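Before any comments, here is the structure.
The values are calculated or read from the model by the stated rules, or taken from the named source; none is laboratory data. No experiment lies behind these values; they were computed from the predicted model shown. Neighbour counts run over all protein chains shown; Cβ positions are idealised from the backbone, glycine included.
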Amino acid sequence: MGEKSVRVRFAPSPTGPLHIGGVRTALYNYLFARQNNGAFILRLEDTDQTRFVPGAEQYIKESLEWLGIEIDEGPDQGGDHTPYRQSERKPMYRQYAERLIKQDLAYYAFDTSEELDQMRKRLEASKMQAAYDSVSRMSMKNSLTLSADEVKERLERGDDYVIRIKLPRKEEVRFHDIVRGWVVVSTNQMDDKVLLKADGMPTYHLANVVDDYLMGISHVIRGEEWLPSAPLHVMLYKFLGWEDSMPEFAHLPLLLKPDGNGKLSKRDGDRLGFPVFPLQWTDPKTGETSSGYRESGYFPDAVMNMLALLGWHTSDNREIFTKEELIKEFSLSRVSKSGAKFDVQKAYWFNQQYLQKKPLSDVYSTVKPLIDDLGYEVCQEYVEGVIDMMREKVQFAKDTILDGKYFFEDPTEYDEKVVSKKWQENTNEILLKISNSFKALPETASPEQYEENFISVCEENGVKPGSQMQPLRVAISGQGVGAPIWEMIAHLGRDYAVDRLNAATEKISFSNP
Ligand code: GLU
């Protein structure tokens, strides 16, 4: 028999914005699928109607699209296993729960929430595991304790009930996890989880296992928070007679707070000033807005690269990977067991690396909306020149424009520190002479020509070029630091440089300390 083809799924619940940890789960599934010529499936696990949040599904799809994670099968793409939203698959699940009842592997439970509460309190008081399990179930109202007639009567009457799995006592559940190795749990530590709820909807566990089976999922790659559910899922595969087609499991390490203490939460992002969501999200109920990587100015490929390395690395600790390289290099067996610390400095670093390497025209398209917003009327070539000069010093594309404001606007203020420290009695006079020497240059003079003229003016006037550099920069840009000076002047162009120099000498005056 040939190898089972690789089919993986990303199965978020649309209960809010997708956390960046969820995006990493999607990414690892996607890389694994592409690497193995398999299928990447988006399945929406929306059976908990009480937690439904409008807009969340759209948000999830938009996030994946922004990052370049293409979906092969899903609600919009279709596929051989439609529908891909669990709420639309509702009628499919009941038969499996009922099959288990027939085989004495599940049972009806009629307990009210008060009765469940009482049970928990009773068990807690006697220091026992407060769970509906192989011991406590015998003192509850279910089809194991009630007579067959009463069960029938209750069902016919339409009493509320749930269907629970009937776990055996003291059985060892063993399964292999690609990241964690062998996992062994005793059914004594597990409870009889609800499979079908009173509203007829399956629980996450039943729907997840049934769908993974029906959709031919080969590998379940998901966050570590689902590891405690895996033994139950393994039991369900066994009970349903699907053990042979059980997927392989890979539980990914948690994303931790920057200090390593606990799981990265939404609040950490707000507190420490970095996004924990791929895209900006406004809560439809509270109106509260959380920042997103996209709106903060990150490149999607930089975010993908950063996320790939949060929990996985190659043996040589290489850091920069294109999507194609990730597809080639990624391996589940190199995913680490221990949690991955989120590091905002590293996120900046990745973005900066991409900013420096990207074709100028790509960076231009990123900043074009900002240029328009600011009302700058400049051509693409000019902006690209600014980006080229500025990008080594900043982490985000937008900062090439914001920090390089002087390329687009005449200065209205001049760095006071430089003015008070560097302006001498003759500074304005020298600047005017420099201005005149620039005026004599051709319109398209090179950086070197400006530099040569500057040096000769200084020499002719017996001043050190070093002492005039900062005044020149401040006169032209208003700022004490910035792009390489001669390139900056050449890029602005002769006439702008001359006008700005003249204006500065009128506005700045030497004042004796
Ligand atoms: N619906 C679960 C979630 O929201 C899916 C977990 C799994 O992949 O099995 O993450």
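If I ask for residues that are modelled with pLDDT of 95 or more and surrounded by fewer than 16 Cβ atoms within 10 Å (Cβ to Cβ), which ones from region 126-138 would you list? Residue satisfying the conditions is MET138 alone. Of the residues PRO258, PRO228, PRO275, the single one that is outside any helix (DSSP H, G or I), surrounded by fewer than 18 Cβ atoms within 10 Å (Cβ to Cβ) and out of contact with any Pro (no Cβ under 8 Å at 6 or more places or on another chain) is PRO258. All conditions in (1) of a type in the set (Gly, Ala, Ser); (2) more than 40 Å from the chain's Cα centre (by Cα); (3) assigned to a helix (DSSP H, G or I) hold for SER87, with the sole exception of (2).
Figure legend. Inter-residue proximity from region 114-139: first residues of a type outside the set (A, V, I, L, M, F, W, C), second residues surrounded by fewer than 16 Cβ atoms within 10 Å (Cβ to Cβ), beta-carbon distance below 6 Å, spacing 6+ or different chains. Indicated pairs: SER134/ARG169. Among THR25, THR15, THR47, which is within 10 Å of the ligand (Cβ to nearest atom), touching a residue at least 24 places away in the same chain (Cβ under 8 Å) and in a helix (DSSP H, G or I)? Going through THR25, THR15, THR47 in turn, just one is within 10 Å of the ligand (Cβ to nearest atom), touching a residue at least 24 places away in the same chain (Cβ under 8 Å) and in a helix (DSSP H, G or I): THR25. Among the residues that make up region 64-80, is at least one of them surrounded by fewer than 16 Cβ atoms within 10 Å (Cβ to Cβ) and assigned to a helix (DSSP H, G or I)? Yes, that holds for at least one residue. Applying the criterion of being more than 15 Å from the chain's Cα centre (by Cα) and at pLDDT 85 or above to the residues of region 259-273, the residue that is nearest to HIS19 (Cα to Cα) is GLY262. Of all residue pairs spaced 6 or more apart or on separate chains, those with beta-carbon atoms under 6 Å, a first member in region 216-238 that is of a type in the set (Gly, Ala, Ser) and a second member that is within 12 Å of the ligand (Cβ to nearest atom) are SER218/PRO247; GLY223/THR25; GLY223/LEU252; ALA230/PHE249.
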